[in-house]
Amino acid sequence: MGITKRKFGVLRGTDVTEYRLENANGLLICALDYGGIVTEVRVPDRDGKFENVSLGFTTLDEYLAHSPYFGALVGRIAGRIRGGKFELDGEVYELTKNAGENQVHGGPNNFSKTIWDAEPFEVDGAVGLKLALTSPDGMNGFPGKLEVEVTYTLTNNDEWKIKYEAKSDAKTVFNPTNHIYFNLTGDASQTVLGHELRLTSDYFAAQGEDSIPTGALVDVTGTVFDFRDGRAIRDGTLSEDAQTRLVGDGYDHAFLLDHATADVDARLYDPVSGRVMTMKTDCDSVVVYTSNHFSGAFQIDGKTVPKYAGITMETQGLPNAMNEANFGSVVLEQDELFESETVFRFDVK
């Protein structure tokens, strides 16, 4: 068990550092101070072979050129905000747009594009990395100076814990996530179509043509969005369902989580490698995206990355919640402490 670090690259004259966290069982998580990007999650298969089960690059230049938010922290608001604006206490806030007429993942130079202050730590039974930044008042149009802290912890129980904390000096909105892509085969040139996913979710958020939820929460019963008993990712890619076709023949949807029905909120399983990943969160929803728009435009480890090469598990409040009355609140009051935690655990079957 231990922590090491190495220079990963240089960004605008500042060194970018990669921290390598290893637990007593040999599990390894590597993360950058740039964007909080998780570059590796190295876990064993049923035969004890360790491989990286997250999509990530080996150089900073590749992240700058290609990455679709691989393993990155995004915010202040994850996902798209329709029209790049929202209303708070009668005042309309116009945000910096970076997705046509909308804002996505907090706007340009968001959390994923920033070098965070990083502090590695070791405690009994765990190693970790504490990341901190200050988002100035007015950054990309958001009100309030926001102090953010995100802690990655790797435990000897083979858990990766992500703890979010934040406080603002003015009333604002906040809904962060980590944009991790999993591929439990350990080979980024393979797809996740054979992975089996189980979710404790009775409803998903329907998407519109603009890739933003319409505001409708749809019952999953009788659809390819019903993961309550588990189903293969392939089902959604072959479906004629209008919602799967709309997002590129697959999934790119927020699922409302029913935390009361199971010990974990999600379970992802690869029958070939035997790897199992479970997820537990206090967030309202998880956005599942199956890399429907990957086009083979880049490589990982010298291998072309195809469509369906990864699946995200982005825990967060429902996207565009500040503009939808029935999506819950992502408002953070002045001096209120925001706290949220997501735990991924790795095992084999």
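The values are calculated or read from the model by the stated rules, or taken from the named source; none is laboratory data. Bear in mind that the values here come from a model prediction, so they are computed numbers and not experimental data. As a convention, Cβ positions derive from the backbone with ideal geometry for all residues, glycine included, and neighbour counts pool all protein chains shown. We work out accessible area using only protein heavy atoms, side chains counted, and drop any ligands, DNA or RNA first. Shrake-Rupley method; radii C 1.70, N 1.55, O 1.52, S 1.80 Å.
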Subject >> Check: the range 192-343 dipole with +1 on Lys, Arg Cβ and -1 on Asp, Glu Cβ, in debye >> reply: 840 debye
**OP:** Rounded to whole Å and sorted largest first, list the principal axis extents of the Cα atoms in the range 1-129.
**Re:** 54, 33, 28
Subject >> Probe 1.4 Å, accessible area per residue of the chain, Å² >> reply: 40 Å²
Subject >> Among T59, Y152, G328 the positive-end extreme of the charge dipole of the range 2-348 (Cβ point charges) >> reply: T59
Original post:
Based on Cβ point charges of +1 for Lys and Arg and -1 for Asp and Glu, what charge dipole magnitude is obtained for the range 41-87 about its Cα centre, in debye rounded to the nearest 20?
Top reply: 320 debye
Original post:
Carbon and sulfur atoms: what percent of the 1.4 Å accessible area of the range 191-349 do they account for?
Top reply: 47 percent
Original post:
Got the relative contact order for the range 200-349 handy, in percent, Cα pairs under 8 Å and 6 or more residues apart?
Top reply: 21 percent
**OP:** Please state the charge dipole magnitude for the chain, taken about the Cα centre, from unit charges on C-beta atoms (+1 on K and R, -1 on D and E), reported in debye and rounded to the nearest 20.
**Re:** 940 debye
Subject >> Residue-averaged [θ]222 nm for the chain, counting only DSSP H segments that reach four residues, each worth -39500 (n - 2.57) >> reply: -1000 deg cm²/dmol
**OP:** Taking a cut-off of 20 Å between Cα atoms, list the aspartates and glutamates near K145, but don't count ones fewer than 8 places away on the same chain.
**Re:** E87, D89, E91, E94, D117, D137, E165, D169, E333, D335, E336, E339
**OP:** Sum up the charges of everything whose Cβ sits under 14 Å from the Cβ of V287, counting Lys and Arg as +1 and Asp and Glu as -1, but leave V287 out.
**Re:** -3
Subject >> Centre separation in Å (Cα based) which lies between the range 218-233 and the range 130-163 >> reply: 32 Å
Original post:
Which of the trypsin sites (Lys or Arg not before Pro) across the range 1-68 are loop residues per DSSP, with 11 or fewer other Cβ within 10 Å?
Top reply: R12, K49
**OP:** Take the chain, connect every pair of alpha-carbon atoms lying under 10 Å apart with a spring to form a Gaussian network, then pick out the residue of N183, N175, N157 with the largest mean-square fluctuation.
**Re:** N157
Subject >> DSSP-assigned coil residues among GluC sites (Glu not before Pro) in the range 144-248, each with at most 16 further Cβ atoms within 10 Å >> reply: E209, E240
**OP:** Identify, among A266, A188, Y164, the residue whose Cα sits farthest towards the positive end of the charge dipole of the chain, taking +1 on the Cβ of Lys and Arg and -1 on the Cβ of Asp and Glu, with the dipole about the Cα centre.
**Re:** A188
Original post:
Near S168, within a Cβ-to-Cβ distance under 9 Å, what is the net charge of the other residues, with Lys and Arg +1 and Asp and Glu -1?
Top reply: -3
Original post:
the range 2-348: percent of C-alpha pairs farther apart than 33 Å?
Top reply: 22 percent
Original post:
Anyone know which of D202, D47, D158 comes out most mobile in the 10 Å Cα GNM of the chain?
Top reply: D47
Subject >> Positive minus negative residues near Y19 (Lys, Arg vs Asp, Glu; Cβ under 10 Å) >> reply: 0
Subject >> Positive-pole candidate from V173, Q243, A72, dipole of the range 2-348, charges at beta carbon >> reply: A72
Original post:
Over the range 246-324, one equal point on each Cα, no solvent: what is log10 I(q)/I(0) by the Debye formula at q = 0.25 Å⁻¹?
Top reply: -1.20
Subject >> Alpha-carbon centroids, the range 61-78 and the range 298-335: separation in whole Å >> reply: 11 Å
